[in-house]
1. Looking for something at pLDDT below 90, assigned to a loop (DSSP other than H, G, I, E, B) and under 17 Å from residue 3 (Cβ atoms) - is there at least one such residue anywhere in the stretch 14-27?
2. What do you reckon, is residue 3 loosely packed, with under 10 Cβ neighbours inside 10 Å and within 12 Å of the chain's Cα centre (by Cα)?
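The values are calculated or read from the model by the stated rules, or taken from the named source; none is laboratory data. This one's a predicted model, so the numbers in the text were calculated from it and none came from an experiment. Cβ: placed from backbone, ideal geometry, glycine included. Neighbour counts: every protein chain shown.
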């Protein structure tokens, strides 16, 4: 379940360290896409906005699963 405070891990691959952050905002709009927009605040203070469908869904590339994951899903891989 994705909710405010959920820990997110970003795997960018290619010897780039994992980024860890938390969901700080979830917005759903009355018009346009009905998928909630999520804001993640990373450990370094920066923020990233993404759609909820981008979390826990990424293709495997050369044996590495690059993308955004909840902490539970990342360590289950």
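1. So far as the stretch 14-27 goes, no, none of its residues is at pLDDT below 90, assigned to a loop (DSSP other than H, G, I, E, B) and under 17 Å from residue 3 (Cβ atoms).
2. Working: loosely packed, with under 10 Cβ neighbours inside 10 Å: yes; within 12 Å of the chain's Cα centre (by Cα): yes.
In short, yes.
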